[in-house]
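Enquirer: Take a look at this one; I'll ask things after.
Nothing in this text is a laboratory measurement; each read-out follows from the coordinates by a stated rule. What you see is a predicted model; the values in this text were computed from it and never measured. Glycine gets a Cβ as well: all are built from the backbone with ideal geometry, and neighbour counts include every protein chain shown.
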Amino acid sequence: MLRVQDVTVAYGAEPVLEGISLEVKAGQFASLIGPSGSGKTSILRAVTQLLRPQSGSVALDVSLDEVGFLFQEDALLPWRTARQNVALGLRIRGLDRKEAEARAEQWLSSLGLAGFGDRYPRQLSGGQRKRVAIAQVLALQPRLLLMDEPFASLDAIVRTRITQELLGWVEREHLTVLLVTHDLEEAISASDVVYVLSQGPRATIRSRHEVRIARPRNVLETRRHPVFGPLLRGLWDELSGESPLVDYAL
Amino acid sequence: MKTWINSTIFRRSAALLLLLLLWEALSRLAWLDPFYAPPPSRVAQVMFSLFAEGGIWPHLEATFTAAIIGLLAGLVAGVVLGFSAALTPILAELLEPVMIVLNAIPRVILAPLFVIWLGIELASKVALALILVAVLVFFAVHSGIKDVDHRLVERVRTLGGGRRVLIREVYVPSVTAWLMGNLKVAVGFAFTGTVVGEFVASSRGLGYLLQFAQSTYNAALTIALIVLIMVFVLLLFSVSELLERRLLRWRYIQEPAR
């Protein structure tokens, strides 16, 4: 589904990422973890062509129209209502306003935001805005979902709840996902495979770990699975040695 | 009742009334020379006669016509040039130095030149109001586009939006917010340009009347005209604010309790 081959990304003279290779198979949930500032986001930006790698290639089995990108910030248009924000992508895809907004309303309802369609982003809480952003992406029915620490700004309860809802969608729809995060527990509980990025500059893929926990998963229950603890400890040890300032959520 | 007394509007109005009463008393007691500082009652009398005798109307019409045309033309010119420069780098290279120079100088110094080029009638006043407003709006639009939230641009791009969608969904609303923030200043600039233009050379308008009042040392008429211009500009400020609240409804809407 997604193959990143020997990608090097540089913003100045020195590369941020060097020789990055990773693969996410169809229907697989992959996570990319690494120290802050190691260039995790740059990989997603390279996949969506928001930046051009210095060298290497990105191969997708789907068109860019079938790729959904969930940003760290909700990045909703402040001058559009929740419904209009969700409808925007659908209208860009050619649906007329009425149909796009009707579908947007359905997506908002399915994410627990029935009756919130007329509200502007500043009238919504952080969790509600994040749900609108998720609806905006899922409404386009992507086959590949890229997520850049999408829930980092939320409190633990809301974060767990929304992660579980999204995981449910991903499992039901068999979506392929690449999640960038620095939360090791989140990475393990949601993923089939975890890639570890080394400390930048010139960050590389340091290791790859498979998470052998059956689906469907419950993000809280998963943490009690026998595989979870040893894997978490292994990743923690690996990254603690990698980063002089330990900033991983355990 | 208590809430009403504690309100800011009440306190400000009371302070203004007190100041006017003090001024009136000092003038009547001859502690202030009425030749230089005529009492408010004399200013009010002059203002009343201006309207009662009807002599003010052609001047009001001249000033308002020039200011409104200058304001609208300046808004259009500033928006078009600002958008074009922000989206076309080669045009920005040509326009930016001109606008920076025009912004750096006190633009009212162009008034005599416009009189020479366009005569003492409406056109020279419109031109001065236009140039004052257009430069302000150019920078507001230019900054509005250059400082647009790049996260919104990337969001729309990842949803599949191209240049047209970006302009419609991100740039135009972002620029509207900047523009509305500067609309009140633009209204003030349009009146400044018009009145200064009339002051330099004209046969009608509030600036012309001001020039006449100054040359005849008529302080009561001068103050009456200044008050009149202030009242009209404040009225236009209110209209601008209503427009801003309507167009930027999303910004003023009440946030829910968290």
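Enquirer: Distance from a point 7 Å along Cα→Cβ of A:GLU14 to each backbone N in segment A:190-212: keep the residues under 14 Å and list them by number.
Expert: Of the residues in segment A:190-212, A:199-204 have backbone N under 14 Å from the label point off A:GLU14.
Enquirer: At what distance in nm do the modelled label points of A:GLU173 and B:ILE105 sit from each other, each positioned 7 Å from its Cα along Cα→Cβ?
Expert: Reported label-point gap for A:GLU173 and B:ILE105 is 6.0 nm.
Enquirer: In addition: For all pairs of alpha-carbon atoms in segment B:71-184, what percent lies in each bin of width 5 Å, listed from the first bin to the last filled one?
Expert: Binned Cα distances yield the sequence 2, 12, 18, 20, 17, 12, 8, 5, 3, 2, 1, 0.
Enquirer: While we're here: How are the Cα pair distances of the protein assembly as shown distributed, in percent, across 20 Å bins from 0?
Expert: Spelled out bin by bin, the protein assembly as shown gives 18, 37, 25, 16, 4 percent.
Enquirer: Over the Cα atoms of segment B:135-202, what is the Rg over Rh ratio if Rh follows Kirkwood?
Expert: Values: Rg = 17.0 Å, Rh = 13.7 Å.
On the Cα set of segment B:135-202, Rg over Rh gives 1.23.
Enquirer: Enter the mean number of other protein chain beta carbons within 10 Å of the beta carbon of each residue in A:113-124, as an integer. Intermediate results must be reported in sequence, preceding the final value.
Expert: Working: counts 0, 0, 0, 0, 0, 0, 3, 5, 1, 7, 5, 2.
Mean inter-chain Cβ contacts per residue within 10 Å come to 2.
Enquirer: OK, next. Counting helices only, and only those DSSP H runs with n ≥ 4, report the 222 nm mean residue ellipticity of chain B as the sum of -39,500 (n - 2.57) divided by its residues, in deg cm²/dmol to the nearest 500.
Expert: On the way: 13 runs with 203 residues, N = 258.
Value at 222 nm, helices only, nearest 500: -26000 deg cm²/dmol.
Enquirer: Assuming R0 = 25 Å, can you tell me the calculated FRET efficiency for the pair B:ILE253 and A:SER125, based on Cβ-Cβ distance, to the nearest 0.05? Show your work: numbers first, answer last.
Expert: Details: r = 15 Å, r/R0 = 0.60.
FRET efficiency, B:ILE253 to A:SER125: 0.95.
Enquirer: How big is D, in µm² s⁻¹, for segment A:1-44 by Stokes-Einstein at 4 °C and 1.567 mPa s if Rh is the Kirkwood radius over C-alpha pairs?
Expert: Details: Rh = 11.5 Å.
For these conditions, the coefficient is 113 µm²/s.
Enquirer: What are the principal axis extents of the Cα atoms in segment B:41-247, in Å, biggest first?
Expert: Here the spans come out as 67, 37, 22 Å, largest first.
Enquirer: Using just the alpha carbons, could you tell me how many Å³ per residue the convex hull of segment A:74-142 encloses? List each step's numbers first, then the result.
Expert: On the way: hull volume 5.2 nm³, N = 69.
About 75 Å³ per residue, rounded to a whole number.
Enquirer: I've got another one for you. Quick one: Debye curve from the alpha-carbon atoms of chain A only, equal weights, vacuum; give me log10 I(q)/I(0) at q = 0.07, 0.14, 0.18 Å⁻¹ to two decimals.
Expert: Values, matching the q order: -0.24, -0.95, -1.42.
Enquirer: Something else: Using helices alone, what [θ] at 222 nm do you get for chain A, with -39,500 (n - 2.57) per DSSP H run of 4 or more residues, divided over all residues and rounded to the nearest 500? Show your work: numbers first, answer last.
Expert: Numbers: 7 runs with 86 residues, N = 250.
When only DSSP H runs of four or more count, the value is -10500 deg cm²/dmol.
Enquirer: Here's something else I'd like to know. Let me check the size of segment B:85-144 from its C-alpha atoms; what are the radius of gyration and Dmax in Å?
Expert: 13.1, 38
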